[in-house]
1. Considering only segment 146-159, I want to know if a residue exists there that is crowded, with 24+ Cβ neighbours inside 10 Å, part of a helix (DSSP H, G or I) and in contact with a Ser or Thr (Cβ under 9 Å, 6 or more places away or on another chain).
2. Between a residue in segment 270-292 that is under 28 Å from residue 194 (Cα atoms) and modelled with pLDDT of 95 or more and any residue that is polar (S, T, N, Q) and part of a strand (DSSP E or B), which pairs come within a Cβ distance under 6 Å, given they are 6 or more apart or on different chains?
3. Quick one: in segment 1-30, of everything that is under 22 Å from the mean Cα position of the chain (by Cα), in a strand (DSSP E or B) and not polar (S, T, N, Q), which residue is surrounded by the most Cβ atoms within 10 Å (Cβ to Cβ)?
4. Could you tell me which residue of segment 314-324 is farthest from residue 12 (Cα to Cα), considering only residues that are out of contact with any Asp or Glu (no Cβ under 7 Å at 6 or more places or on another chain) and crowded, with 17+ Cβ neighbours inside 10 Å?
5. Only one residue in 342, 363 is buried (at least 19 other Cβ atoms within 10 Å of the Cβ), touching a helix residue (DSSP H, G or I) at 6+ places or on another chain (Cβ under 8 Å) and either on the phi > 0 side of the Ramachandran plot or modelled with pLDDT of 95 or more (or both). Which one?
6. For residues that are surrounded by 17 or more Cβ atoms within 10 Å (Cβ to Cβ) and either of a type in the set (Val, Ile, Thr) or within 20 Å of residue 83 (Cβ to Cβ) (or both), tally how many sit in segment 31-67.
7. Could you grab me the full set of residues in segment 45-95 that are among the polar types (S, T, N, Q) and closer than 16 Å to residue 109 by Cβ?
8. What are the pairs with Cβ atoms under 7 angstrom where one residue, in segment 181-196, is farther than 12 Å from residue 251 by Cβ and the other, located anywhere, is modelled with pLDDT under 95 and aliphatic (A, V, I, L, M)? Sequence gap at least six, or different chains.
Amino acid sequence: MAYRDLEFPENFLWGSAAAAHQTEGGNFNNWTEWEKIPSKIKDGSNSSIACDHYNRYEDDFDLAKKLGHQVHRFSIAWSRLEPEQGKWDESEIDHYRSVLQALVDRDIQPMVTLHHFTEPVWFRDLGSWLNPKSPEIFAPYCRKVAEAYSDFDIIWNTINEPMVVTTMGYVFGEFPPEEKDFGKGLTVAKHLLMAHGQAATQVRQVYDEIGREQPQIAPVISVSHFMPADSENDDDLELVDYLDELYNHVWIRGAIEGILPEPAGDGSRYPPLDNSVDFIGLNYYSRMVVSSELDFMAGDMPPKDPELERCEGLDWEVYPEGYYQVLQSFGKKYDKPIFLTENGIGTSDDEVRQRYIINHLQEVHRAIQDGVEVLGYLVWSLTDNFEWAQGFSSHFGLVEVDYETLERKPRESAYMFKGIIEQNALTEDIQEKYLLD
């Protein structure tokens with residue numbers, strides 16, 4: 001097969017992403033408590049040590065620098081900064097200042113996520129995102145973080161994957177708090193949208209008060225490419241349109257338009273959402289094939305395609321074409337640039353990871369050539385980590401972690417990715433080497 005150099009736009013940003021709970025160790029939050037319940041984590045592990053990134057962040061960032069990364073996305077653990085409502089742990093605030101400084105010292109752009117799935121136990125006990133006051137309860141934490149770190153050049157992410165929090169925690173019941181109630185899910189989606197607005201408002205106000213130029217702010221959404229089990233079945237096609245709108249578009253459209261959209265809200269305006277989205281953070285991993293003859297809300301899905309490679313443990317099908325389709329959809333619907341904040345695969349076979357990254361970047365380049373504005377691309381993840389309910393059984397890292405010794409070892413895919421970054425291109429040579437070998 002003949003390949004050609006695929007060059008990316010000037011100032012395109014390359015790097016990796018991670019989350020506090022999955023890497024730091026030593027956290028105390030709603031997830032650490034949930035992990036104590038037998039059988040909740042599929043491999044029986046817990047996040048008590050995770051990757052010990054809390055103590056090893058400088059070594060990890062040395063690796064990121066060595067591997068050419070220009071931006072690193074990470075989350076701040078709300079439960080560390082506000083262990084009791086209204087009470088702040090200054091030592092933890094200082095810790096994250098050191099984390100930010102370590103990135104800056106290595107000339108790596110920090111991208112900070114304010115909420116990445118976990119929350120303080122006290123917030124859980126107040127009803128979490130079902131509490132109608134939850135967005136306002138979240139706001140002081142966001143202001144505190146902005147006040148503490150506004151002297152850094154930060155790209156801000158507010159809420160990570162709100163529809164995953166909604167569906168996995170409140171509809172399918174596979175994440176805490178294990179609710180299975182569609183109505184509650186809609187309530188949570190609305191409150192997370194309001195929380196995004198509160199977060200953006202707090203950050204903007206702090207920057208205004210100190211006279212700093214406004215930063216770039218965005219929510220990060222998870223998207224899937226929905227496909228019909230039978231392309232000739234009108235009911236399947238209708239289900240695809242419904243799920244695509246509900247999962248991929250309702251929430252982000254509300255954030256951009258400044259409203260609480262149906263079915264989560266009543267369509268009313270919510271002023272804190274105004275000017276809350278500078279770009280769209282977009283996470284893509286796989287497609288989702290659905291059938292109108294199966295009960296989707298009960299988790300019934302058509303059989304997987306045996307010809308497609310799968311994500312380890314999570315069983316997601318590798319489907320790069322879906323990346324292009326999603327990017328095209330978002331490029332047409334919204335007048336906002338897109339930052340690809342997560343893309344990757346859990347696998348112990350690094351050749352699968354190499355193919356995954358290249359094939360997905362081919363689709364990203366195709367979308368850019370067709371007019372979609374894409375600002376950057378982050379691999380999930382810098383290191384192997386604690387993959388939520390999967391525990392340590394799914395290996396997403398460009399860098400392998402030995403969980404006995406916590407030794408880090410870059411995989412070949414990490415060096416392949418370094419070559420892409422250095423060239424700001426998916427070169428013909430890289431494609432031939434890793435796709436044809």
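1. no
2. If the second residue must be polar (S, T, N, Q) and part of a strand (DSSP E or B), the pairs left are 281/157; 281/341; 283/222; 283/341; 288/224.
3. This residue is 17.
4. 314
5. Exactly one of 342, 363 is buried (at least 19 other Cβ atoms within 10 Å of the Cβ), touching a helix residue (DSSP H, G or I) at 6+ places or on another chain (Cβ under 8 Å) and either on the phi > 0 side of the Ramachandran plot or modelled with pLDDT of 95 or more (or both), namely 363.
6. Number satisfying all stated conditions: 10.
7. 70, 75
8. 182/297
The values are calculated or read from the model by the stated rules, or taken from the named source; none is laboratory data. This structure is a prediction, so every number in the text was calculated from the model and none was measured. We place every Cβ from the backbone using ideal geometry, glycine too, and count neighbours over all the protein chains shown.
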